[in-house]
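Before any comments, here is the structure.
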């Protein structure tokens, strides 16, 4: 028989107000050739792998052994994506999906199911999407420990246990996002290109443009911008602007140059734009910032 360790939980309004409410958590070890999903789950969670299902909650699953396949409405019904050990995948509420282990290998699977505004906000802000439900994270002890801790907490159900489980969900999202990026970029030469781009900006912040950086790196601008933003979280133009702002702050504090001279030295060719952008960024005018950092009175 497959090894099952699962817990289904009641959720209160107070749990929902916290931002994350966990409905289920568990582990199952499916031996090669065994039925999937195994008996022992509530009817609302059982499904035919051929017909698939739709849940009213999110689930984050983690495979630590074996391989299998996954399909969803967004990826295309009938289009199966391979799953293997060291992958996490995210199920979305209201999204048709199906998944199952390879009959020859079986698999070991951890999962946690939940709902709430915390996950909704991550999806609404583009950090997670049904377009990319699978994360290549490799095998990590800290991820396994989080699932094991969640199972233990759910079994005891001591006062405040839902809040602890909410924190575990937060951490699992963070690690899925982090490890997936590291796995992708550690095997990619683009990391060196991005580091070169940062150095080019530091050395030429006053005059360089994103298009010039791409040209120097022998990359198309569209691919460079896409890779830079995916890796750093912001566009090349914003990175250049941030470096220029930091240089302007440094000059305001450590030099006697006029504010107009500083705006040009930092790479802002329009003094009025510099004034507006600086105040928007810091909440102070350049003169106010200088007086504050130097301990002066205007």
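Only the coordinates and a few stated rules stand behind these numbers; no lab work does. These figures come from a predicted structure and were not determined experimentally. As a convention, Cβ positions derive from the backbone with ideal geometry for all residues, glycine included, and neighbour counts pool all protein chains shown.
A few points about this structure:
- Where labels lie 7 Å past Cα in the beta-carbon direction, separation of residue 145 and residue 196 in nm: 3.9
- Against the main long axis of the alpha-carbon atoms of the chain, helix 161-186 sits at an angle near 70°.
- Once the Cβ-Cβ distance of residue 242 and residue 178 is raised to the sixth power relative to R0 = 25 Å, the FRET efficiency obtained is 0.70.
- Prolate/oblate/rounded label for segment 56-102 (Cα gyration tensor, a/c 1.5): oblate
- Taking label points 7 Å from Cα along the Cα-to-Cβ direction, residue 223 and residue 54 give a separation of 4.0 nm.
- Spin-label proximity, residue 85 to segment 22-43 - amide N less than 15 Å from point 7 Å beyond Cα toward beta carbon: 29-32
- Gain on full stretching of the segment that runs from residue 131 to residue 232 - 0.36 nm per residue minus C-alpha separation: 34.3 nm
- Distance between segment 246-278 and segment 88-151 - C-alpha centres, whole angstrom: 47
- The length gained by stretching the chain between residue 206 and residue 69 to full extension, at 0.36 nm per residue less their Cα-Cα distance, is 44.3 nm.
- Dividing the mean sequence gap of close Cα pairs (under 8 Å, 6+ apart) by how many residues segment 190-294 holds gives a relative contact order of 22 percent.
- Whole-number percent relative contact order across the chain, with pairs defined as alpha carbons under 8 Å at least 6 apart: 15
- In degrees, nearest ten, helix 221-232 long axis to first principal axis of the chain (Cα): 70
- Computed [θ] at 222 nm, deg cm²/dmol, the chain (DSSP H ≥ 4; -39,500 (n - 2.57); rounded to nearest 500): -14500 deg cm²/dmol
- Taking every Cα-Cα distance in the chain and sorting them into 10 Å bins starting at zero, the pair-distance distribution P(r) comes out as 6, 22, 24, 17, 16, 11, 4, 1 percent.
- Computed from Cα atoms, the angle from the helix 271-282 axis to the main principal axis of the chain rounds to 40 degrees.
- Ratio Rg/Rh, restricted to segment 190-294 and using Cα atoms, in which Rh is the Kirkwood radius: 1.03
- Tensor-based shape of segment 54-179 (alpha-carbon gyration tensor, a/c under 1.5 rounded, otherwise prolate or oblate): oblate
- If R0 is 30 Å, the Cβ-Cβ spacing of residue 105 and residue 39 corresponds to a FRET efficiency of close to 0.90.
- Note on residue 189 and residue 281: their simple-model spin labels are 3.4 nm apart, each label 7 Å out from Cα toward Cβ.
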